[in-house]
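The values are calculated or read from the model by the stated rules, or taken from the named source; none is laboratory data. The shown structure was predicted, so the numbers you read here are calculated from the model rather than taken from an experiment. When we count neighbours, we look across all protein chains shown, and the Cβ atoms used for this are built from the backbone with ideal geometry, even at glycine. Quick note on the areas: whole protein, heavy atoms, side chains included, nothing else; ligands and nucleic acids left out. Shrake-Rupley method; radii C 1.70, N 1.55, O 1.52, S 1.80 Å.
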Amino acid sequence: MVWGAFALAFLFGAVGNKTHFCTMGAVSDVVNMGDWNRMRMWLLAIAVATAGASALQLSGLIDLSKTIYTSSRFTWLSYVLGGLLFGIGMTLASGCGSKTLIRIGTGNLKSLIVAIVLAITAYMTLRGIFGVFRVAALDPVGATLATGQDLPSLLAAPLGLDKKIVLATLGLVVAASLLAFVFKAREFRTFDNVLGGLVVGLVVVGGWVLSGYIGYLAEDPSTLEEKFLATNSGRMESMSFVAPQAYFLELFLLWSDKSRVMTFGIATVLGMFAGSLAWSLATRSFRLESFRDAEDLINHLVGGALMGFGGVLALGCTIGQGISGLSTLALGSILAFFSIVAGAALTMKIQYWRLMNQS
């Protein structure tokens, strides 16, 4: 499980570095230049991940109802607020959680600081002082649904339809619609663009196979309960890069504590960095880069903190919710995705307005 997760993330990191896969950059290109190529790369990854996850569910290899994204608890405020804060944070920090790890592999010292702040803040939101506030003030705001919050469950029950038929239909429609939009643009059809979207989508599918099929025990010999091996959440997981950075920090801070072990998520953090570093060294593109001035430092510190808090609150980042979560067709993932994009776009508009007023 751990080595498989490392290998998948290593591939993600190397290809992400080569193809400049960046969700923050995708939003920035659309908002500032009207260029949709990197957004289409992101949408291609979503299409591939959705098609793959739906196929795995229909084949019976995995059960997407056993992920954190499809639970019946619909905490809409957390999805919206967390997504907005994460979108703002990734704009200030020059990249989301995955891009931060990729940029560390290229020698970017700014991203190293962002990752440290993100991990600390995420851990504080999971189990520290921010976690107390989250549990008391934000988590209770929501609704408990009669079914899971994935669209197939929500639509099948009231319409009296077979969930598998609804899943197959929705999976096909979503994937086909996104693919049609993505490949409609001739300028998108370059090797790097297609490679980036295709590989990232397949890596997410690989994560579901690894965690939900290979690492699944129907009955743990120790507890006689079902178990997903080596996951921090105790559920099936795929790619996500906020909470895993917090658990990475915890493991290295408490290394002598034998109860702390390497997990799927921690391995993906290491794999993402290693893959990007390997590509940088192989192409001789590794360059040390630091902060421009005090304002640049402050922006990245605030951005890292907002990503750590917002990513935990929203149950994921632009990869965790924006691809892995969306591949499950979960309503909360859709809400978080659009909230992240809105937060990023709004921040970019404000930054542009400030720049125009200063000049």
Legend entry - Test for R73: is it of a type outside the set (V, I, T), farther than 18 Å from S211 by Cα and either crowded, with 20+ Cβ neighbours inside 10 Å or in contact with a helix residue (DSSP H, G or I) (Cβ under 8 Å, 6 or more places away or on another chain) (or both): no
Legend entry - Filter result (crowded, with 16+ Cβ neighbours inside 10 Å and either farther than 23 Å from G322 by Cβ or in contact (Cβ under 8 Å) with a residue 40 or more places away in the chain (or both)) within region 146-165: T147, G148, Q149, D150, L151, P152, S153, L154, A156, K163
Legend entry - Hits in region 117-176 - residues which are polar (S, T, N, Q), in a helix (DSSP H, G or I) and within 26 Å of L64 (Cβ to Cβ): T125, S153, T169
Legend entry - Top-ranked residue of region 203-246 - restricted to ones that are in contact with an Asp or Glu (Cβ under 6 Å, 6 or more places away or on another chain) and in a loop (DSSP other than H, G, I, E, B), ranked as nearest to G82 (Cα to Cα): T231
Inset, instruction - Could you please give the count of residues in region 183-202 that are open to solvent by less than 20 Å² (accessible area, probe 1.4 Å) and over 13 Å from L44 (Cβ atoms)? - result: 0
Legend entry - Top-ranked residue of region 271-282 - restricted to ones that are in contact (Cβ under 8 Å) with a residue 24 or more places away in the chain and open to solvent by 50 Å² or more (accessible area, probe 1.4 Å), ranked as nearest to S240 (Cα to Cα): F273
Inset, instruction - Only residues that are touching a Leu at 6+ places or on another chain (Cβ under 6 Å), part of a helix (DSSP H, G or I) and surrounded by fewer than 24 Cβ atoms within 10 Å (Cβ to Cβ): list them for region 283-308, please. - result: N299, V302
Inset, instruction - Quickly run through region 231-258 and pick out the residues that are within 22 Å of T70 (Cβ to Cβ), modelled with pLDDT of 95 or more and either surrounded by fewer than 13 Cβ atoms within 10 Å (Cβ to Cβ) or among the aliphatic types (A, V, I, L, M) (or both). - result: M236, M239, V242, A243
Inset, instruction - Starting from region 28-41, keep only residues that are farther than 22 Å from S177 by Cα, then list their pairs with residues that are modelled with pLDDT of 95 or more and β-branched (V, I, T) whose Cβ atoms are within a distance under 9 Å, requiring at least 6 positions of separation or different chains. - result: S28/T91
Inset, instruction - Read through the list (1) farther than 29 Å from F337 by Cβ; (2) open to solvent by 60 Å² or more (accessible area, probe 1.4 Å); (3) of a type outside the set (S, T, Y), then give the number of the only condition that I214 fails. - result: (1)
Legend entry - region 69-80 - residue that is of a type in the set (A, V, I, L, M, F, W, C) and touching a strand residue (DSSP E or B) at 6+ places or on another chain (Cβ under 9 Å) and, of those, farthest from C317 (Cα to Cα): F74
Legend entry - Single residue of A49, A93, A55 found to be buried (at least 24 other Cβ atoms within 10 Å of the Cβ), within 30 Å of A157 (Cβ to Cβ) and among the aliphatic types (A, V, I, L, M): A49
Legend entry - Qualifying positions in region 326-341 - assigned to a helix (DSSP H, G or I), within 14 Å of A53 (Cα to Cα) and open to solvent by less than 10 Å² (accessible area, probe 1.4 Å): S327
Inset, instruction - Please go through region 77-96 and pick out each residue that is among the hydrophobic types (A, V, I, L, M, F, W, C) and over 15 Å from the mean Cα position of the chain (by Cα). - result: L77, V80, L81, I88, L92, A93
